[in-house]
Each structure stands twice: as C-alpha cells, then as structure tokens.
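Input: a single structure, listed below in structure tokens.
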Amino acid sequence: MSLNKTIAAAALLALSLGAQAAFPDKPVKIIIGFPAGGPLDAHARLMTDRLQALLGQPVIVDYKAGAGGSVGAEFVAKSPADGYTLLLANTGTMVINPALYAKLGYSTLKDFAPVARTAQQPLAMVVHPGVEAKTLGEFIALARKNPGKLNYGSAGNGGISHLVPEMFKQATGIFMVHIPYRGSAPAFTDLMGGQVQFMAESIPQAASYAKQGRVRALAVTGAKRNPALPDVPTMAEAGVKDFEVVGFYGILAPAGTPKDVVAKLGEAFRQTLDTPEIRNKMVSQGADPAFLGPDAFTAQLQRELPRWADAVKRSGAKVD
C-alpha cells in the first residue's frame, strides 16, 4: 500500500472512531407505546433529567399509543439502529403481546437490542372492603365455598391484570369470573363500588386507596414486602408458595444498534438508577429500581416469554 493510501486509510479509521466516540451528538428520543400521563410516562419523567446530564444531549419522551403498546414497539423496531430512538416498554408489550396478538409487527428477541431493565413492579391482590375475607387464606376459602360467585375485574383481556388472577386461580384451584374492562380506571372504580370483588392492581393505585379504606390489600406478588404496603404479606407469606409475579419496565433499541452504543446507554441508565433521589421516588411509587444491563435483561426476556405464553394459552385470551 502506498504512503498516501496508508495515510488516507488511517484518516478514515480515525474519523470512524471519532464518530463512534461522539455518540450521542443529537437528542435521544424515548418512545412510549401508551398515552401521556400513565405509569410508563411517570417512570420516564423520573429519569430524563439525570440521563440528559449523563449523555450531554436532550432526552425527549414521545408517545405512539395503541394496541397494548404494540404501535410504539413496532415504530422503534423499524427505526434506524443508531441509538437515538429507544423504547420504554413493560411486561405486556415485550412478553405478553407476542402470545396475545395473532398478528404482531415485531419479535421481541429478533427486532430489539435490550439496553436496560429499569424497574420491577409487583402487584397487589385487593378486594372490596365488603368482602368478608380479611386474609388471602380466608379469601381462597371463601372462593372455594362459592365457585363462580366471585368476580374479578381487569384492564382488559390478556393484560397482566387479567393473567395474574388466572395464575392465582390455577395455583389455588379456585374459580372466579373474569370481568374485562377498557382500562384499569373503570375496573378499579367498579371494585371500589362492589360490582367486582377482586383485582390484581398496581401497588401505587392499590396503596393509595387501601390507606383510605376503599379497598383491602391481601397480598403482594413480589418476593418481599413492598414499602408502599409494609403490613401486607407476600403471596408466599400468605400461604401461596412459589407464586412470584413481577412486572418490569425496560429500555430497548432497534436490533443492530452498535454494541458500544448499547453499552454506553446501558451505563447511563445504570448511573441514573443509582441516584438516591431517583431510587427513592421510584420506591415511593411502588416500583423497585432493579437495574439489569443488556445481557442480563436479554436473559430475562428469554425466560419470561415462555412463561407468559403459557399464561396466555391457559387463559384463552387472544387478540386478532
């Protein structure tokens, strides 16, 4: 190779390395597949200021709502794989929807590069205060004595608030009637009104109304008690062994995003979640700021997909 060609090749390599090192050199956008104002939006807003400081660029939150988060997920899957368009997703979007939707415009493991799990969020098993059962054991006994006479509400067919009670039914051998609603809010309203007797609800919502005496929390689905409901036992403590069901929030990039970009983003989220103020705010919302990096988050998705596929199959839920 001539001296001029060698110099030119070295210059190109230096430019290439410099471009990689410059990431990010423009705003980073986080897409949420749900409307503004929901739990994922609140979760994103907790992290953006710290992320911006770490990345040195604005972090913009945008919304592509529809089909249980699938619209936003498909948008990100088809975006340039450069690290500038990310998805903030939940359990439903990444591991339930692939089993629930007959036609889905993305594959969790093929179309995404997992960046970071940012939180875990257990649910609370709650009942209307008029239900005579004061503990989970008493509720199970009541349901066994009255098969099909107790109803549970959910935010809709195939969502986590539908599938967790189905898992609970299978684990305990009880039978309750599922009443699907269009969203968590109307279902929870009917729970407080006594039209349904039972729900599996997010801990922030459950804790707020349990403190007011409008619902009674019988157990939480995590491995340990939740600070938002410190007096409420875990499912294992309440007598239902090997029942741990925890939702997650996580960041994903389009498949093919350079590994060094994924690693830099993952490290930024790790440092963000290590910030005491952010951790404390997440905990107060009922979420556990449980960071996992790209490889560990990928492994979790690989484990969770078949588990939720089985839950969807057993429930009979399907969306065409």
Of the numbered conditions (1) of a type in the set (Ser, Thr, Tyr); (2) farther than 24 Å from LYS224 by Cα; (3) not assigned by TED's automatic domain parsing to the domain that holds SER70, THR135 satisfies every one except a single condition; which is it? (2)
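LYS169 - would you say it is in the same structural domain as ALA296 (by TED's automatic domain parsing), surrounded by fewer than 21 Cβ atoms within 10 Å (Cβ to Cβ) and basic (Lys, Arg)? If you could, list the steps in order and put the result at the bottom.
Working: in the same structural domain as ALA296 (by TED's automatic domain parsing): no; surrounded by fewer than 21 Cβ atoms within 10 Å (Cβ to Cβ): yes; basic (Lys, Arg): yes.
No; evaluated as a whole, the condition is false for this residue.
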Does ALA124 count as farther than 14 Å from VAL312 by Cα and in a strand (DSSP E or B)? yes
Quick one: which of ALA228, ALA219 is touching a Leu at 6+ places or on another chain (Cβ under 6 Å) and in contact (Cβ under 8 Å) with a residue 24 or more places away in the chain? ALA219
Can you say whether ASP49 is over 15 Å from the mean Cα position of the chain (by Cα), charged (D, E, K, R) and not in a helix (DSSP H, G or I), as far as the supplied structure shows? no
Does region 244-252 include one or more residues that are more than 24 Å from ARG307 (Cβ to Cβ) and among the small types (Gly, Ala, Ser)? no
Which one of these is modelled with pLDDT of 95 or more, aliphatic (A, V, I, L, M) and surrounded by fewer than 22 Cβ atoms within 10 Å (Cβ to Cβ): VAL220, VAL261, VAL245? VAL261
Every residue from region 270-320 that is modelled with pLDDT under 90 and of a type in the set (S, T, N, Q): SER284, GLN285, SER315
Going by the structure shown, is LEU252 modelled with pLDDT of 95 or more and part of a helix (DSSP H, G or I)? no
If you check every pair at least six apart or on different chains, which have Cβ atoms under 7 Å apart with a residue in region 271-294 that is under 27 Å from ASP231 (Cα atoms) and without any contact (Cβ under 8 Å) to a residue 12 or more places away in the chain first and a residue that is buried (at least 16 other Cβ atoms within 10 Å of the Cβ) and not hydrophobic (A, V, I, L, M, F, W, C) second? ARG279/PRO289
Which of the residues spanning region 90-131 are among the polar types (S, T, N, Q) and buried (at least 19 other Cβ atoms within 10 Å of the Cβ)? ASN90, THR91, THR93, ASN97, THR108, THR118, GLN120, GLN121
Does any residue in region 173-194 that is in contact (Cβ under 8 Å) with a residue 24 or more places away in the chain come within less than 7 Å, Cβ to Cβ, of a residue that is loosely packed, with under 13 Cβ neighbours inside 10 Å six or more places away or on a different chain, and which pairs are these? ILE174/ARG144; PHE175/PRO147; PHE175/GLY148; VAL177/GLY148; GLY194/GLY130
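The values are calculated or read from the model by the stated rules, or taken from the named source; none is laboratory data. Note that this is a predicted model, so its numbers are computed, not measured. Cβ atoms come from the backbone with ideal geometry, glycine included; neighbour counts cover every protein chain shown.
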